[in-house]
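Below: one structure, written as structure tokens.
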Amino acid sequence: MRLAASTAAVALAIGSVSPAFADVTNTATATGSSPSGTGDVTDASNTVAVDPVDAAPGISILKTAVITTDGDSDLLGDSGDVVTYTYTVTNTGTTSLLSVDIVDTHDGDGAAPSPLFASWTTQAGSPAATVGASSITMYPGAVAVFTATYSINGNDILAAGGTGVGLSVDNDIDNSAVATGDYFNGVTTTSVPSAASLASVPLDIDAVLSVAKTAYEVDYPVIAGGSASATTPVAVDRPVGTVIYYVYEITNSGNVPITNVTINDVHNGLPGPFTQPVFFALTNTSGLSNNAGSDATVELLHPGDVAIYRTSYTITQDDVDQNQ
């Protein structure tokens, strides 16, 4: 006896992962018609539960810094040089991360770098990301590269000399980057700070003082006033009793401020007394140099500024005798 073709239907119900990471359950029920058509045949439902891996969000970051525009090719940061920072971010966890971005802080004078998405090293199925985006979505195992630039300015260099509130005083610009990403329910995971998330750019620090010393037969105030003698140094073979006026111009010829500037002159006249130079004036072009006490020590001399000292000496018979 040929049986009538039976008709079978299979119903499949699929569960979903909840924010609490419940089991994924599948319930299957089989039904069919009996050969005589007297009724349906149904088996008992069977349910299988699958426990997904526990959600363990994680993110890491590796940061590097390179001077990509180096005006004098010395591998040191000068005013106007451009630093390019590269940040490699990895989703090290088992759950997708949304709104992955980077916050970079530094001790430079200008605004901190703003990292933007540049490329994928490993996309791992992550949604496409727009180059230049500030945040992206990353699936587990994905590796993304962000970049940012910073232009070194004059204040960054000056800061290395110890001026400027809150600026670097260790001859470099230090940066620290942190990567963050959101997972279920908007909870955020953050990279752990480490040496890999730090980067430093060495600055070109050039501390230089130059001294110009001139001897005149007129006192410096007259010279400074622009008299005809201003460019006439003392003549040779001066007689006993001639007063020589020494003028010392100390210039900060470097690129960083210098503190506690003084001068000491070793005099060879014997045994005539010699008075060490005393502070006279300050050409404070920068507006930042100062000699608060107008004493022998200039507390702060900025690049390009000049501290002027003076003293005098009277030629003695002993000087003449020593010169025989």
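The values are calculated or read from the model by the stated rules, or taken from the named source; none is laboratory data. In this text the structure is predicted, and so the values were computed from the model without any measurement. All Cβ positions, glycine included, derive from the backbone under ideal geometry; neighbour counts span all protein chains shown.
Residue check: Ser294 meets all listed conditions (1) among the polar types (S, T, N, Q); (2) in a loop (DSSP other than H, G, I, E, B); (3) at pLDDT 85 or above but one, namely (3).
Taking the criterion of being of a type outside the set (Asp, Glu), under 16 Å from Ser135 (Cα atoms) and either touching a residue at least 40 places away in the same chain (Cβ under 8 Å) or assigned to a strand (DSSP E or B) (or both), the residues of segment 174-186 that qualify are Ala177, Val178, Ala179, Thr180, Gly181, Tyr183.
Does segment 153-160 contain at least one residue that is without any contact (Cβ under 8 Å) to a residue 60 or more places away in the chain, over 24 Å from Asp206 (Cα atoms), surrounded by fewer than 18 Cβ atoms within 10 Å (Cβ to Cβ) and among the polar types (S, T, N, Q)?
Taking segment 153-160 and keeping what is without any contact (Cβ under 8 Å) to a residue 60 or more places away in the chain, we get 155, 159.
Adding the requirement that they be over 24 Å from Asp206 (Cα atoms) leaves none.
Checking segment 153-160: not a single residue is without any contact (Cβ under 8 Å) to a residue 60 or more places away in the chain, over 24 Å from Asp206 (Cα atoms), surrounded by fewer than 18 Cβ atoms within 10 Å (Cβ to Cβ) and among the polar types (S, T, N, Q).
Within segment 284-324, restricting attention to residues that are surrounded by 14 or more Cβ atoms within 10 Å (Cβ to Cβ) and β-branched (Val, Ile, Thr), the residue that is nearest to Ala215 (Cα to Cα) is Thr311.
The residues in segment 229-249 that are modelled with pLDDT of 85 or more, more than 21 Å from Gln322 (Cα to Cα) and among the hydroxyl-bearing types (Ser, Thr, Tyr) can be counted, and the count is 1. Applying the criterion of being closer than 24 Å to Gly254 by Cβ and buried (at least 17 other Cβ atoms within 10 Å of the Cβ) to the residues of segment 33-72, the residue that is modelled with the lowest pLDDT is Asp70. Only one of the numbered conditions (1) closer than 24 Å to Val278 by Cβ; (2) at pLDDT 90 or above; (3) outside any strand (DSSP E or B) is not met by Ala196, and that is (1).
Being buried (at least 16 other Cβ atoms within 10 Å of the Cβ) and either among the hydroxyl-bearing types (Ser, Thr, Tyr) or modelled with pLDDT of 90 or more (or both) is a property that does not hold for Ala212.
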